[in-house]
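Report on one structure; see the data block that follows.
The values are calculated or read from the model by the stated rules, or taken from the named source; none is laboratory data. Keep in mind it's a predicted model, so treat the numbers as computed, not measured. All Cβ positions, even for glycine, are placed from backbone atoms using ideal geometry, and neighbour counts span all protein chains on display. To get the accessible areas, we keep the full protein, side chains included, count just its heavy atoms, and leave off ligands, DNA and RNA. Shrake-Rupley method; radii C 1.70, N 1.55, O 1.52, S 1.80 Å.
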Protein chains: 2
Amino acid sequence: MNEHRRAGRQARAAERQSKASGPGRPYIMRNIPTYDILGEESLRKIEAATDRILAETGLIFRDDPQALEMWRKAGAKVTGDLVKFEPGLLRDLLRTAPAEFTQHARNPANSVRIGGKNVVFAPAYGSPFVADLDKGRRFGTLADFQNFVKLAQSSPNLHHSGGTICEPTDVPVNKRHLDMVLAHLELSDRGFMGSVTAEDRSEDSIEMARMVFGRDFVDQNCVILGNINANSPLVWDGTMTKSLRAYARANQAAVVVPFILGGAMGPVTTAGAIAQSLAETMAGCALTQLERPGAPVVFGNFLSSMNLRSGSPTFGTPEPAIGSMVVGQLCRRLNLPMRCAGNFSASKLPDGQAMMEGTMSMMSAIHCGTNFILHSAGWLDGALTMSYEKFMLDADLCGALHSYLDGVVVDDNALAVDAFAEVGPGNHFFGCSHTMANYQTAFWDSALSDNEPFEKWEAAGRTDSATRANRAWKMTLAEYEPPKLDEGIREGLRDFVARRKAEMADMWY
Amino acid sequence: MNEHRRAGRQARAAERQSKASGPGRPYIMRNIPTYDILGEESLRKIEAATDRILAETGLIFRDDPQALEMWRKAGAKVTGDLVKFEPGLLRDLLRTAPAEFTQHARNPANSVRIGGKNVVFAPAYGSPFVADLDKGRRFGTLADFQNFVKLAQSSPNLHHSGGTICEPTDVPVNKRHLDMVLAHLELSDRGFMGSVTAEDRSEDSIEMARMVFGRDFVDQNCVILGNINANSPLVWDGTMTKSLRAYARANQAAVVVPFILGGAMGPVTTAGAIAQSLAETMAGCALTQLERPGAPVVFGNFLSSMNLRSGSPTFGTPEPAIGSMVVGQLCRRLNLPMRCAGNFSASKLPDGQAMMEGTMSMMSAIHCGTNFILHSAGWLDGALTMSYEKFMLDADLCGALHSYLDGVVVDDNALAVDAFAEVGPGNHFFGCSHTMANYQTAFWDSALSDNEPFEKWEAAGRTDSATRANRAWKMTLAEYEPPKLDEGIREGLRDFVARRKAEMADMWY
């Protein structure tokens, strides 16, 4: 089979996959339980450790006097920029946060429900580099960013456009957010994330959303997310808390996430890292409720491990995977929507290591009950590199996880007792009526895996999965068509971007 | 870094990994719960469907009049070679089977406990082909078989020598079992599996075990396993049941396994395939108890899916993975040791597809509570090919799963509350006393993953994980040293093999 025909076949397979997942499936509602690995006593011990960290060690809130004032008024003990919390204070504040909420997309069919039993897959976030098999690794550009928005929009297995999918390093640091938000709104009609790297960039992002959704609608509904990182251990920087408060003020959802590499920004023991993470996240989430009670907020978590011989961070390893299950349990006890885990790897290539690590990590997100899975696709080299091929492989895995989350249906049709009577011992089920009635929806159909007999695979060029992914992303970009956007809104957005860019001198750091 | 130094570093990493896992850790005792995905009502529905299949459709037992006679005496309804079972009959018979048992290894330190909370990793089984990156795919030989026994014996992450790791196709079909059992006993001192392809080959295998362990000991203890496959759907062939009975008669453990590709040897719906599997496995396991009540037996399961466009079987897909969780629940209700899932893939190469599929499948074995995980390492191309490189990558994954199964320890040391007080907000944990006290056992240390910074990885030759695995298996074979074996026993075994070979004409099919 020549390359063109093969690629065409893969595209048709992808389309079938899309239909099997069903139109109007903008996110997944899980039909499998969460995997709860710790009992009540252990969970209480972790919560008690968190309470002690909050009360005895405390958290620093840097460069945000307003936040300190809010903590003081809420009853926390503020000494300089150190804030200590009596047990129960943060939990009380968190009671006003919604257990789940809708993030509206500009195409209403793509709006996602975040929280509860719902699962949303979003692309990876934040890489300065991009890579593909043809050109290797280089700094990301706006063109790369736009490519990834197109690839995400085209995938039947992702649900969200993500945020800073890669850094558009050819655009000044203080203007990138404008081009990124514009790309999300022009090239995609799914939910997306805005900038958080400065308070005014957060506000620009939200303002652009208002131009699309309307000012009043945005005040009452979530249309944009902001990913807010703690400066672990136990520090919240003002840049982040001001952005967090900007999102909350606008009734938009902050995703509140510590970043803990065990042994560096936290203890090497998983239970301790989780206790720390819980402290940092509860404080960040509670601050959104001080800014605007009832604002949506997502309880985020990011655990990783370290190679303690070299000091290198490691990703997709077993300790964070199993730790995620505990985080899921703790988050559910707070009744908040959760972001946890993703498709992590330290590999530099879309190879066996990348997919082993990514799959272990992604399965932990699925099992722990995560609602919003950032970093679902593309991540390589510890988030330093966004890979075109891994993006396609990961999105294919996300397709498999749709079927996984559907669980096992147990009803008369699925049990097929009559089919055994029809077929009888020793005969095959290929053409039986039960097979004919069920085969089209029976099994996940990968767009990238090769399941052919060896000889057919050999005749088709002995490809590995990275090579097939390379062909797939090129074909997807070639076939991409932008979703419709009202021309008046497009004009308005472009004018806004041009005006804001003109108001600022370029900053490159 | 040159290749030699890099390989040496990997070997040292592997050695450290071995020590971290601990000497005297011949198998794993799981410290995480099983992942139970169905509730009581759904499980009962599946069991009721199984009861109907057994009572209304029945199973065929071909070419084994003795088995039919045993079923008749046990109260089953036998018509020709069709056997039907009233609900409850098989469950009653299974009550004499032990819930767990020890398989003794010739090195007592390597004996494994099968059942309960214990997990044993064994290599893949049954491939006619082998492959490596240098020479591609070719038929397996006895030299390949011996290589894989050596690789398994050398791995700190596997616990068992397995069985027909690959077919030694250069040895006549009727004599292979002698060379394979000899290799397991000479080149490994771990538990192993004997032949099942004919009753006399089963008995030869057990006889060789008796020469090592002693006749009386073998009569009272399990020292060899036999993997017995149903001819799904709903057929047991006499070759298999006679071998099954030979193992049971000798008080050795049959591993009883259907082989169901949904849509071919069973329904396309997972619940139906599970109901069928339960029927086939319960019948096979019960037959061991008719042969010898109290004989150890392992409840086996093998689910897979199919590409319903091409008819190709698929492996490592989500439906069998999630189905395994249900099988685990059903098996625990029978109180039997379980074999389920493994490191499956349809890929022809040790690439991203192979490790994505393998990891998803292997995680299902871990979550569903499997006790004996056959096919833990090496499997490619739907079991047609045993891959040297995938063997090493899979064994590395097995190392990660040791840490995964250890779960999350929650005690004062792990919670590290004092460390937060010592380190304080904003400071790193690199040198703190908690880190120094815990770092050596904190994180799994992969022997094959590259976690180095990009520049170091680039300078070291930009290897992918398959290339590193290629170096690792060569070095492992170069450094392999056989375990000690009493010379008298060795002589006896070799004489036995020579005598049995001389007694038979070569058969090549």
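At a glance:
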read-out: Position B:Gly311, label points 7 Å along Cα→Cβ, spacing to each other copy in nm (shortest first, one decimal); value: 6.0
read-out: Amide proton proximity set for A:Thr169, modelled H, under 5 Å, gap of 5+; value: A:Gly140, A:Thr141, A:Leu142
read-out: Rounded Å value of the spacing that divides the Cα centres of the stretch A:304-326 and the stretch B:220-264; value: 40 Å
read-out: Shape call, the stretch B:93-403: gyration tensor on alpha carbons, a/c limit 1.5; value: rounded
read-out: Pseudo-label separations to other copies for B:Pro293 - Cα-to-Cβ vector, 7 Å, nm; value: 7.1
read-out: Average Cα contact separation per residue, the stretch B:183-228, under 8 Å, 6 or more apart, as relative contact order %; value: 46 percent
read-out: Charge sum, other residues only, whose C-beta stays under 12 Å from A:Ala105's C-beta, Lys/Arg counted +1 and Asp/Glu -1; value: +2
read-out: Amide H contacts under 5 Å for A:Val298, placed H, 5+ residues apart; value: A:Ala254, A:Val255, A:Val256
read-out: Which of A:Val235, A:Val410 is most accessible, then next, and so on - probe 1.4 Å; value: A:Val410, A:Val235
read-out: Per-residue mean of C-beta atoms belonging to partner chains within 10 Å, peptide B:400-409; value: 6
read-out: Calculated from backbone phi, Karplus (6.51, -1.76, 1.60) coupling profile of the stretch B:159-176 in Hz, x at Gly/Pro; value: 10, 8, 8, x, x, 7, 4, 9, 6, x, 6, 8, 10, x, 4, 7, 10, 4
read-out: Net +/- balance of residues flanking B:Tyr404 in space, Cβ distance below 10 Å, scoring K and R +1, D and E -1; value: -1
read-out: Antiparallel DSSP beta bridges within the protein assembly as shown, percent to nearest 5; value: 45 percent
read-out: Charged-residue dipole, Cβ positions (Lys, Arg, Asp, Glu), chain A about Cα centre, Debye nearest 20; value: 480 debye
read-out: Accessible surface of the stretch B:357-478 [probe 1.4 Å, protein heavy atoms]: carbon and sulfur percent; value: 51 percent
read-out: Net charge contributed by nearby residues that have their C-beta within less than 9 Å of A:Glu291 (K/R +1, D/E -1); value: +3
read-out: Nitroxide proxy distance, nm - points 7 Å out along Cα→Cβ at B:Lys456 and B:Glu56; value: 6.4 nm
read-out: Ellipticity estimate at 222 nm from DSSP helix runs (n ≥ 4, -39,500 (n - 2.57)) divided over chain B, nearest 500; value: -14500 deg cm²/dmol
read-out: Average accessible area per residue (Å²) across chain B - probe 1.4 Å, nucleic acids and ligands excluded; value: 33 Å²
read-out: Label geometry 7 Å along the beta-carbon vector: A:Gly492 inter-copy distances in nm; value: 9.0
read-out: Shielding score for A:313-322, defined as the mean number of other chain Cβ atoms within 10 Å; value: 6
read-out: Sequence ranges A:394-402, B:81-89, B:325-333, ranked by mean other-Cβ count within 10 angstrom, highest first; value: A:394-402, B:325-333, B:81-89
read-out: For the stretch B:351-380, residues shielded by at least 50 square angstrom of accessible area compared with the chain on its own, probe 1.4 Å; value: B:Gly352, B:Gln353, B:Met356, B:Met360
read-out: C-alpha center-to-center spacing [the stretch B:88-129, the stretch B:34-71] in angstrom; value: 21 Å
read-out: Chains B and A together, accessible area buried on both sides, 1.4 angstrom probe, square angstrom; value: 9400 Å²
read-out: Carbon + sulfur, % of accessible area of the stretch B:85-147 - ligands and nucleic acids excluded, 1.4 Å; value: 54 percent
read-out: Check: the protein assembly as shown dipole with +1 on Lys, Arg Cβ and -1 on Asp, Glu Cβ, in debye; value: 140 debye
